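Asker: I'd like to ask some things about the structure below.
Rule-based calculations on the coordinates, nothing more; no lab input. Bear in mind that the values here come from a model prediction, so they are computed numbers and not experimental data. Ideal geometry is used to build each Cβ from the backbone, glycine not excepted, and the neighbour counts take in all protein chains shown.
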């Protein structure tokens, strides 16, 4: 699209400092994914099994996205409605506790449930396609829950009260008013959950499923065809853009879907005893299946395995890696979000470009980064992947993989900024950086904090890119857990797996507890 | 710009955490960094696809004996290979180790091993457990065994791999996914011995006997057999023995119900695979790497690995762990090891064609 296509906008793009920074940030975040796409397009598709693999993988991925995604949407939306619009015992605890499963990576849930199922300790057998779909549903519903909760919370109390006064039953209000109004939020959360499902490798592999993600590795490892692996990755990247498009357009509609910036307490239904018990049971079940049960199982295994492992150092490494990765990714994500918000329609391109990496397996993005590195080496720009470069490549990959997870919340936070504010500041002669520092940054600060917490947990859980790109003698908790689990030693994997979860728990709880404060006028 | 920022950020963070080690020398430029990593101490960098605690004990013993530090980077063999390809002649890796001959062959095929032949290695590593050109050398071996449910199957019914494809076991077999490298190597060995057509027929017959689609690990196959989902499966011997030794009583209860045989004793012998390593083509410390390879097959390392891990020592004269020794000697399949790599892609294609996912 040319710049001339949008001449009527007052805030037409100009090449200023922020725009240049944003351009650079986008380029950095998108480069590995673009490298993979470019490589995918330039491979000669001679292997006939490639098409079959892609077809089978696409069916597998679609099944999981539909089944797991539907489960996540139902669980997340109902849970959000219950805690936002109903009163029942323990509501204020469930409000944040329902986010807990976010701290448990799918691959660790898969290890735990598989082990539990074999040992007869699982109330329901978890295996095969439906086992994986179950794990995605109970593990990823918090994405929908958090987005839906924010959507419900920002709904106009007047609309809901009007419906009640007109005699609508609670269920009817849910179906006819609250749910339609919250649909964009739910769709945005669902898109994130679906991207996670499409990118997941660990759980799908553990259950022996053929998905696009596992097909990438089947082509690469078993068939020895990295070219076909790249082509399948290309398909995944395109799927990612599709999900991203859904998420973006859903968010776009969310901004004028009956939200209110005036604040009144939301009218809550007080549930009767039976309904309360149902509500409590539902919330408890979600937390139990999404986190507590598998983690208690892991704890049991960890206790059985009395050996004290060298866990302190990987723990510190995980914290340091995640912190630095978060800072780097956050800075890039903020630049992208701010620029996209200011610019006209062409400025949304960076959001897409930076978002591609989110639905691709980390190993694919790392492969893209590696191939770029290989090019740079051949051109004589850099030497080997020494400790410094390998760390740089790793943080670069984190940014490429997760910037979308950071851009999303920041962009949503900036959405509250009225366009007039930026225009007024401009009229008063404030420069680009000044507007960034004096307007965008303070307004986005809470979202930045939220984004930082999400990124921290994502990087903490990240496995394949860390595995490929880290320097010598350097293990994180996730690496430890994987190494043992891939060697089929769940007893040894239990302790690091538990620690990955526990380290992510605090940020998740802080994040969940702060969403209510995000509501206009709310103080607590 | 980004690189510099990342480095600066990292050095600040690293300074405030008591984590620093030579691998993370602070603030230096990337090139200076790789140069000063050595710091005068003797060390070698090892890319390894083995994640065992036993290996760490081995590295420590090696350093004790020689003063040479082992710096390990663990990962999957394919990913480490991809990293090594990207690094080209600038790679930091001196030695590459994998737990499967097929993966070692891929490294050789990519031209990233150099041939190393020393009298010690030649004397100690049996000929069928090393690369013919000396690109890689085995230091432990594992056998592909058949596991069966004791209350449903007599051991003589599963004396051969072929038996798993017969009508006796209709809907009674579970198997690991064909994307697993041990599965690929097993079929690749069959292609080498009996040809692709035979291999395809066998894979199709076994596929026809599946109780359900492949899922889970080798250990999971043993558990599935114990749980009655099927009567027999195939796994690497050391997963079985690890369950026997497990601290988890549930594991031991599972393996109580399951027996095993070394298949094909009257025929070609049981399929075996190696853990092995080689010196990389662009190794900066070739001699130290060779020294490490020789150490891996020394009396000290071999006797040390035997009780720590449930693998077999590569040298026939070294006694395996007592429980392995109790299982008795067995006849090994004898094929050139590089066949596992040469036929790997074809094995993958056959599995794909017969619907063994």
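Asker: So what is the orientation-averaged projected area of chain A, using the convex hull of its C-alpha atoms, in nm²?
Answerer: On the way: hull surface 104.1 nm².
Projected area, direction-averaged: 26.0 nm².
Asker: Ok, one more. Comparing B:337, B:194, B:73, which has the greatest mean-square fluctuation in the GNM of chain B with Cα pairs linked when under 10 Å apart?
Answerer: Among B:337, B:194, B:73, the largest GNM mean-square fluctuation belongs to B:194.
Asker: Mind telling me which of B:149, B:252, B:207 comes out most flexible in a GNM of chain B, alpha-carbon contacts under 10 Å?
Answerer: B:252
Asker: Packing-wise, with mean Cβ within 10 Å as the measure, how do B:211-219, A:158-166 rank, highest first? Intermediate results must be reported in sequence, preceding the final value.
Answerer: Working: B:211-219: 21.4, A:158-166: 14.6.
Listed from highest to lowest mean packing, they are B:211-219, A:158-166.
Asker: When each pair of different Cα atoms in chain B is counted once in the 1/r mean, what is the Kirkwood radius in angstroms, to one decimal?
Answerer: Working: mean 1/r = 0.0459 Å⁻¹.
One decimal place: 21.8 Å for the Kirkwood radius.
Asker: What's the average, rounded to a whole number, of partner chain beta-carbon atoms within 10 Å of each residue's beta-carbon in A:464-476?
Answerer: Details: counts 3, 1, 1, 7, 9, 5, 4, 9, 16, 14, 8, 4, 0.
Going residue by residue through A:464-476 and averaging, the value is 6.
Asker: Taking 0.36 nm per intervening residue step and subtracting the Cα-Cα distance, what contour gain separates residue B:156 from residue B:317 on full extension?
Answerer: 55.1 nm
Asker: In what order do B:238, A:113, B:59 fall by count of nearby beta-carbon atoms within 10 Å, going from fewest to most?
Answerer: B:59, B:238, A:113
Asker: How many Cβ atoms of partner chains, on average, are near each residue of A:216-228 if near means within 10 Å of its Cβ? Please list the in-between numbers first.
Answerer: Details: counts 0, 4, 7, 2, 5, 14, 16, 10, 11, 2, 4, 0, 0.
Taking all residues of A:216-228 together, the mean is 6.
Asker: So for the protein assembly as shown: antiparallel DSSP bridges make up what percent, rounded to the nearest 5?
Answerer: Working: 24 of 38 bridges.
Around 65 percent antiparallel, to the nearest 5.
Asker: Enter the mean number of other protein chain beta carbons within 10 Å of the beta carbon of each residue in B:123-129, as an integer. Don't skip to the end; give the middle numbers.
Answerer: Details: counts 0, 0, 0, 0, 0, 0, 0.
Across B:123-129, the average partner-chain Cβ count within 10 Å equals 0.
Asker: For a footprinting-style exposure proxy, rank B:343, B:128 by other Cβ within 10 Å, fewest first. Before the final figure, lay out each step's value.
Answerer: On the way: B:343 24, B:128 16.
Ordered from fewest to most neighbouring Cβ atoms within 10 Å, B:343, B:128 come out as B:128, B:343.
Asker: If the convex hull of the alpha-carbon atoms of the range B:143-273 is projected onto planes in all directions, what is the mean projected area in square nanometres?
Answerer: Numbers: hull surface 28.8 nm².
Taking a quarter of the hull surface, the average projection is 7.2 nm².
Asker: Counting alpha carbon pairs within less than 8 Å and at least 6 residues apart, what relative contact order, in whole percent, applies to the range B:186-306? Can you show the working numbers first?
Answerer: Numbers: 59 pairs, mean separation 17.3, N = 121.
Here the relative contact order equals 14 percent.
Asker: Let me ask you something else. Relative contact order (percent) for chain B, with alpha-carbon contacts under 8 angstrom and 6 or more residues of separation? Spell out each step's value before the answer.
Answerer: Values: 631 pairs, mean separation 91.3, N = 357.
Result for chain B is 26 percent.
Asker: Then there is this: So what are the radius of gyration and Dmax for the Cα set of the range A:170-243, in Å?
Answerer: For the range A:170-243, the Cα-based Rg and Dmax read 17.6, 57 Å.
Asker: Would you compute, from DSSP H runs of 4+ residues alone, the mean residue ellipticity of chain B at 222 nm, taking -39500 (n - 2.57) per run and dividing by the full residue count, rounded to the nearest 500?
Answerer: Numbers: 16 runs with 156 residues, N = 357.
Here the helix-only value at 222 nm equals -12500 deg cm²/dmol.
Asker: Separate question: Counting every Cα pair in the range A:46-198, what percent are over 24 Å apart?
Answerer: Pairs farther apart than 24 Å: 44 percent.
Asker: What 222 nm value per residue comes from the helices of chain A, counting each DSSP H run with n ≥ 4 as -39,500 (n - 2.57) and dividing by all residues, nearest 500 deg cm²/dmol?
Answerer: Numbers: 23 runs with 369 residues, N = 524.
That comes out to -23500 deg cm²/dmol.
Asker: Further question: Rank these for me by crowding, A:86, A:29, B:235, going from fewest to most other beta carbons within 10 Å. Numbers along the way, then the final one.
Answerer: Details: A:86 17, A:29 31, B:235 27.
Sorted ascending by nearby Cβ count, the order is A:86, B:235, A:29.
Asker: Roughly how tilted is helix B:77-87, in degrees to the nearest 10 and between 0 and 90, from the longest Cα axis of chain B?
Answerer: That helix lies at roughly 30 degrees to the long axis.
Asker: Normalized C-alpha radius of gyration of the range B:198-326, against 2.2 N^0.38 Å? Intermediate values should be presented prior to the final figure.
Answerer: Working: Rg = 18.5 Å, N = 129, 2.2 N^0.38 = 13.9 Å.
Rounded to two decimals, the normalised Rg is 1.33.
Asker: Just B:220, B:94, B:338 to compare: in a GNM of chain B, with alpha carbon springs under 10 Å, which one fluctuates most?
Answerer: Of the options given, B:220 has the highest mean-square fluctuation.
Asker: Now for a different question. Using alpha-carbon positions, what is the distance between the centroids of the range A:46-92 and the range B:101-139, in Å?
Answerer: Comparing the Cα centres of the range A:46-92 and the range B:101-139, I get a distance of 47 Å.
Asker: Hey, any idea what the orientation-averaged projected area of the convex hull of the protein assembly as shown's Cα atoms comes to, in nm²?
Answerer: That works out to 37.3 nm², a quarter of the Cα hull's surface.
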